[in-house]
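**Student:** Please find one structure pasted underneath; my questions will follow.
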Amino acid sequence: MNGNMLSFDEAYEKLLGFVRPVREIENVDTMVAAGRVLAVALHSTINQPPMDNSAMDGYALRAADVPAAGTRLPVSQRIPAGSVGHALQPGTAARIFTGAPLPPGADTVVMQELCEHDGEDVVINTVPTPGEAVRRMGEDIAEGEEVLPSGLRLTPQAVALAASVGAAQLPVYRRLKVAVFSTGSELVMPGEPLPPGGI
């Protein structure tokens, strides 16, 4: 080997010696951040879920109001997802749908398959336990909790998680600038005919 030539490993180490980490940070819209590298850890500014809510379609009630299977309760209100009900009166039930906020005073949800709607009443065919089918505020992600670490290459799943906690923009490192060059008299541009010995 020519004494002036570097081995591959020596050349590789020499090149690495010139490398400087990217430090510039830019904010990009969360929905286009996939593939970028998160520069600052993301902490949630909200609880997820943001309130106690129903995990399924059914009836919100007080577990203490159903001492035995077959208990009949009047249905006092209907709470679809995206709506907020009023305080539940003792001895009543509220028709509730998946994701709807649990009304004040209710402590459980009985899934509709375990109930029978009968006119203005509902018959509860099971004895519920408090907290059944209720997703508690912040049980998935608590306000202030770190949801994505600094240095993470953002996948579509990570972007979706950031969006779920309300992050409209994310601080990411600027993209690398890359240049590729080739030299040699044997090289020919794509589409040109190859001369003898050309590549």
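**Student:** What are the residues in segment 119-141 that are among the hydrophobic types (A, V, I, L, M, F, W, C), within 24 Å of V165 (Cβ to Cβ) and either in contact with a Leu (Cβ under 6 Å, 6 or more places away or on another chain) or assigned to a strand (DSSP E or B) (or both), if any?
**Tutor:** V134, I141
Per-residue answers, yes or no, for (1) of a type in the set (F, W, Y); (2) part of a strand (DSSP E or B); (3) assigned by TED's automatic domain parsing to the domain that holds A167:
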position	(1), (2), (3)
L15	no, no, no
V40	no, no, yes
A64	no, no, no
L73	no, yes, no
Q77	no, yes, no
P90	no, no, no
H117	no, yes, no
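**Student:** Looking at segment 14-21, can you tell me whether even one residue there is of a type in the set (F, W, Y) and under 29 Å from the mean Cα position of the chain (by Cα)?
**Tutor:** The answer is no; no qualifying residue exists.
**Student:** Does A106 count as in a loop (DSSP other than H, G, I, E, B) and surrounded by 17 or more Cβ atoms within 10 Å (Cβ to Cβ)?
**Tutor:** yes
**Student:** Just to be sure, is S182 over 30 Å from P21 (Cα atoms) and among the small types (G, A, S)?
**Tutor:** For S182, the condition - over 30 Å from P21 (Cα atoms) and among the small types (G, A, S) - is not met.
**Student:** Here is a further query. Any idea which of (1) in contact (Cβ under 8 Å) with a residue 40 or more places away in the chain; (2) out of contact with any Pro (no Cβ under 7 Å at 6 or more places or on another chain); (3) among the acidic types (D, E); (4) within 30 Å of S83 (Cβ to Cβ) is the one E146 doesn't satisfy?
**Tutor:** With respect to (1) in contact (Cβ under 8 Å) with a residue 40 or more places away in the chain; (2) out of contact with any Pro (no Cβ under 7 Å at 6 or more places or on another chain); (3) among the acidic types (D, E); (4) within 30 Å of S83 (Cβ to Cβ), E146 is out only on (4).
**Student:** If you don't mind, another one. In segment 167-194, how many are without any contact (Cβ under 8 Å) to a residue 12 or more places away in the chain, surrounded by fewer than 10 Cβ atoms within 10 Å (Cβ to Cβ) and at negative phi?
**Tutor:** 13
**Student:** Right, another one. For S83, all conditions in the list (1) out of contact with any strand residue (DSSP E or B) (no Cβ under 7 Å at 6 or more places or on another chain); (2) farther than 25 Å from P50 by Cα; (3) polar (S, T, N, Q) hold save one; what is the number of the exception?
**Tutor:** All conditions pass for S83, except number (2).
**Student:** Check P149, P103 and return the single one that is modelled with pLDDT of 95 or more and closer than 30 Å to V66 by Cβ.
**Tutor:** That would be P103, the only listed residue that is modelled with pLDDT of 95 or more and closer than 30 Å to V66 by Cβ.
**Student:** Could you look through segment 64-84, keep only residues that are among the aliphatic types (A, V, I, L, M) and farther than 11 Å from P128 by Cα, and pick out the one that is farthest from the chain's Cα centre (by Cα)?
**Tutor:** Per the stated criteria, the residue is L73.
**Student:** Just to check your reading of the model, which residue among A160, A81 is on the phi < 0 side of the Ramachandran plot, surrounded by fewer than 18 Cβ atoms within 10 Å (Cβ to Cβ) and in a loop (DSSP other than H, G, I, E, B)?
**Tutor:** A81
The values are calculated or read from the model by the stated rules, or taken from the named source; none is laboratory data. This is a predicted model, so every value here is computed, not measured. Ideal geometry is used to build each Cβ from the backbone, glycine not excepted, and the neighbour counts take in all protein chains shown.
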